[in-house]
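Single-structure report; data block below.
The values are calculated or read from the model by the stated rules, or taken from the named source; none is laboratory data. No experiment lies behind these values; they were computed from the predicted model shown. Ideal geometry is used to build each Cβ from the backbone, glycine not excepted, and the neighbour counts take in all protein chains shown. Note: areas computed on protein heavy atoms with side chains; ligands, DNA, RNA excluded. Shrake-Rupley method; radii C 1.70, N 1.55, O 1.52, S 1.80 Å.
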Amino acid sequence: MTWKVSTAGYAGRSLVMLGMSLGLVLSASSAAVGQQSVAQARTVAGVWHVQVTIRDCATGVALAPPVRSLVTFAADGTLRESVGGGGFAPGQRSDGHGTWTHKAGQTYDQRFVAMINFATAPGPGPGFEAGWIVVHHTVELTDADHFESSGSNNFYRLNGDVYRTGCSTASGTRFE
């Protein structure tokens, strides 16, 4: 007995298999992109342009113009912050390093510390002592690409004593 294979039938079956494979790959990649978009909508992880406003804790009145910063919320719960200005002399304040946690819904808790490398006398700004600052904010995602936050700023001398406390608010826009 001799078997004959139709070239046209073989090519047709190959095209069907190729089409099914391509459809499966595209479907999987589309699902992955969809899951990534949903995940971004639920988490603060990513890089953010942030405007911080120092405020009077009792009245909420802004005490200075907004300060720009760049904040990275890493997926592992760590945080890195770089501030642009903020009344500090060049080189006086280090970048901030800290952590963030998910509280509930679209609400997150962030804490970071930054070193204040040397003292400056009061001038146009309040002046700072060598030591560190701890910033603690509650962050609320208003949508997938924006957040609002508020919290406290505590300034410490090198010996660990608190010498100033304050309040601040921030608005963030996701960097894409």
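Descriptive notes on the structure:
- Measuring nothing but protein heavy atoms, the accessible surface of the range 64-121 at 1.4 Å probe radius is 60 percent carbon and sulfur.
- With both labels modelled 7 Å from their Cα along Cα-to-Cβ, the Tyr163 to Thr101 distance reads 3.1 nm.
- Residues in the range 66-110 average 51 Å² of solvent-accessible surface per residue, probe 1.4 Å, ligands and nucleic acids excluded.
- Counted over all Cα-Cα pairs of the range 56-176, pairs farther apart than 21 Å make up 39 percent.
- Entry for the range 54-105 at q = 0.22, 0.23, 0.29, 0.31 Å⁻¹: log10 I(q)/I(0) = -0.94, -0.96, -1.03, -1.07, Debye formula applied to identical alpha-carbon scatterers, no solvent contribution.
- Taking all protein chains together, Glu81, Glu129, Glu148, Glu176 sort by accessible area into Glu176, Glu148, Glu129, Glu81, largest first [probe 1.4 Å].
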